[in-house]
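The values are calculated or read from the model by the stated rules, or taken from the named source; none is laboratory data. Just so you know, these numbers come straight off a predicted model, no measurement behind them. Note that we place each Cβ from the backbone using ideal geometry, even for glycine, and neighbour counts take in every protein chain shown. We work out accessible area using only protein heavy atoms, side chains counted, and drop any ligands, DNA or RNA first. Shrake-Rupley method; radii C 1.70, N 1.55, O 1.52, S 1.80 Å.
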Amino acid sequence: MTLIADVSLRRTLDSRGNGTVEAEVTTDNGGFGRAAAPSGASTGEYEAIELEPNEAIAKARELAVPRLVGEVFAGDQRGVDQALHGADGTNDFSKIGANSAVAISMAAAKAGADTQGIPLYQHLGGAFRGRNFPVPLGNVVGGGEHAADATHIQEFLAAPVGAPSVADAVFANAAVHQEVHDILAERGIAAGKGDEGAWAPSVDDAEAFEIVAQATERVTEEFGFEVRMGLDVAGAELYDADEGVYSYGEKTRDTAEQIDYVAGLVDEYDLVYVEDPLDEDDYEAFAELTDRVGESEARSASGSRAAKPRDRTLICGDDLFVTNTDRLAEGIERGAANSILIKPNQIGTLTDAFDAIELAVENGYEPVVSHRSGETEDATIAHLAVATDAPFIKTGAVGGERTAKLNELIRIEDNA
Ligand SMILES: O=C(O)[C@@H](CO)OP(=O)(O)O
Ligand SMILES: [Mg+2]
């Protein structure tokens, strides 16, 4: 049986050098799972609450562990996650910390898979998953909250939508990352890297667009399949609510101008994906932009999810939805966005993340599974993306904590 026999928690390092929560779950028949919580920098205002790691660990030991050990089966993910909610008692995990909750939730899932001797994606998604793979969105240039003195737009993403396999896609993104470096060198621009391994040159956004467009064109040619471009604008970080404007250094844009600006970028750079183009409270502006650029002819004609996401521009809500079904339901109601970013630690458990994905898919919203800027070697999100048939995964292009997920996707593809 998969009855949980032990839950242990410790403080470990994340990729930024901050502490995080790592959980280990063992079952009475020897199943084992280990997982660690990631952490954001450009966090949404409505995310579940992350506590200081030692505090989160102490609270989880006191309140959650007794409800799990000898009480719940690791293979029963909803049971595990219900116990975590019961132990916490709030709607934002502010009592035990979303970092403790998500680490335990993911470790239990791995223990559940381990006892059955099957891969995690199969435990979470069932026997028929593993044929489709998500397109990896790779951050190749960035700034915002992830790097000082770099671009205002937080992430310029490579999107290898034409790749015949996930392995080809992963290598294409790494090649775009290298091309960007070469182009920067050709232009005599020095650049360090931001939190997610993307180049963080001190250039304006217009030059970054030029550079990334050139790099994706070169790689498209070299690899022989289409590599497009995407963005995470992280609009809430640019938005000044008092003034009602988006600030790009000296240059500001009001909401109507921001919508025009992003719609113009979609056309000019044939963007396949735009995340958080607007403020996290502005459902209306999201709806207006989605109306303008979110639908393609292919999608309108079929009206179903069967239309490939690459046929239209995904307008994705990250800080807007924070993986929360209530916020997503409001977005669906108001026609805001056509895609949702899925970050398990934003909501605290895998069950909540699954419920958000299910609601999204039922309503024609594409789920995009995502890492955080502060990461660990944990590769659960690779399995989550395959388990849910997500069309995209956003998990960087290079760097050990990023390649942990990318290489896991290659392994899954190889063995599936
Ligand atoms: O905004 C985002 O989408 C993420 C990950 O790229 O950043 P952070 O983890 O800092 O919120
Ligand atoms: Mg984001």
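A few points about this structure:
- Selection status of Ile189, among the β-branched types (Val, Ile, Thr) and open to solvent by 20 Å² or more (accessible area, probe 1.4 Å): yes
- Of all residues in region 316-330 being at negative phi and within 14 Å of the chain's Cα centre (by Cα), the one that is nearest to ligand 1 (Cβ to nearest atom): Asp318
- Condition check for Ala353 on (1) in a loop (DSSP other than H, G, I, E, B); (2) closer than 23 Å to Leu124 by Cα; (3) within 16 Å of ligand 2 (Cβ to nearest atom): one failure, at (1).
- In this structure, Ala382 does satisfy being assigned to a helix (DSSP H, G or I) and under 21 Å from Gln77 (Cβ atoms).
- Residue count for region 40-71 satisfying the condition of being in contact with an Asp or Glu (Cβ under 6 Å, 6 or more places away or on another chain) and either under 15 Å from His85 (Cα atoms) or open to solvent by less than 20 Å² (accessible area, probe 1.4 Å) (or both): 4.
- Among the candidates Ala301, Ala306, residue that is more than 16 Å from ligand 1 (Cβ to nearest atom), part of a helix (DSSP H, G or I) and at pLDDT below 95: Ala301
- Every residue from region 130-182 that is more than 16 Å from ligand 1 (Cβ to nearest atom) and modelled with pLDDT under 95: Gly130, Arg131, Asn132, Asp149
- All conditions but one from (1) buried (at least 16 other Cβ atoms within 10 Å of the Cβ); (2) within 30 Å of Glu330 (Cβ to Cβ); (3) away from ligand 1 (no atom under 16 Å from the Cβ) apply to Gln82; the one that does not is (1).
- Residues being within 16 Å of ligand 2 (Cβ to nearest atom), buried (at least 18 other Cβ atoms within 10 Å of the Cβ) and in contact (Cβ under 8 Å) with a residue 40 or more places away in the chain are represented in region 238-252 by at least one member.
- Pairs where the first residue, in region 380-409, is crowded, with 24+ Cβ neighbours inside 10 Å and the second is part of a helix (DSSP H, G or I) and modelled with pLDDT under 95, C-beta under 9 Å, 6+ apart: Phe392/Pro309
- Note on region 119-157: among residues that are polar (S, T, N, Q) and open to solvent by less than 10 Å² (accessible area, probe 1.4 Å), the one that is nearest to the chain's Cα centre (by Cα) is Asn139.
- Residues (open to solvent by less than 20 Å² (accessible area, probe 1.4 Å) and over 18 Å from Thr26 (Cβ atoms)) located in region 85-116: Ala87, Asp88, Phe93, Ile96, Gly97, Ala98, Asn99, Ala101, Val102
- Scan of region 362-377 for residues that are over 9 Å from the mean Cα position of the chain (by Cα) and open to solvent by less than 20 Å² (accessible area, probe 1.4 Å), ordered by number: Gly364, Tyr365, Glu366, Pro367, Ser373, Gly374, Glu375, Thr376
- Selection status of Thr325, away from ligand 2 (no atom under 15 Å from the Cβ), open to solvent by 10 Å² or more (accessible area, probe 1.4 Å) and touching a helix residue (DSSP H, G or I) at 6+ places or on another chain (Cβ under 6 Å): yes
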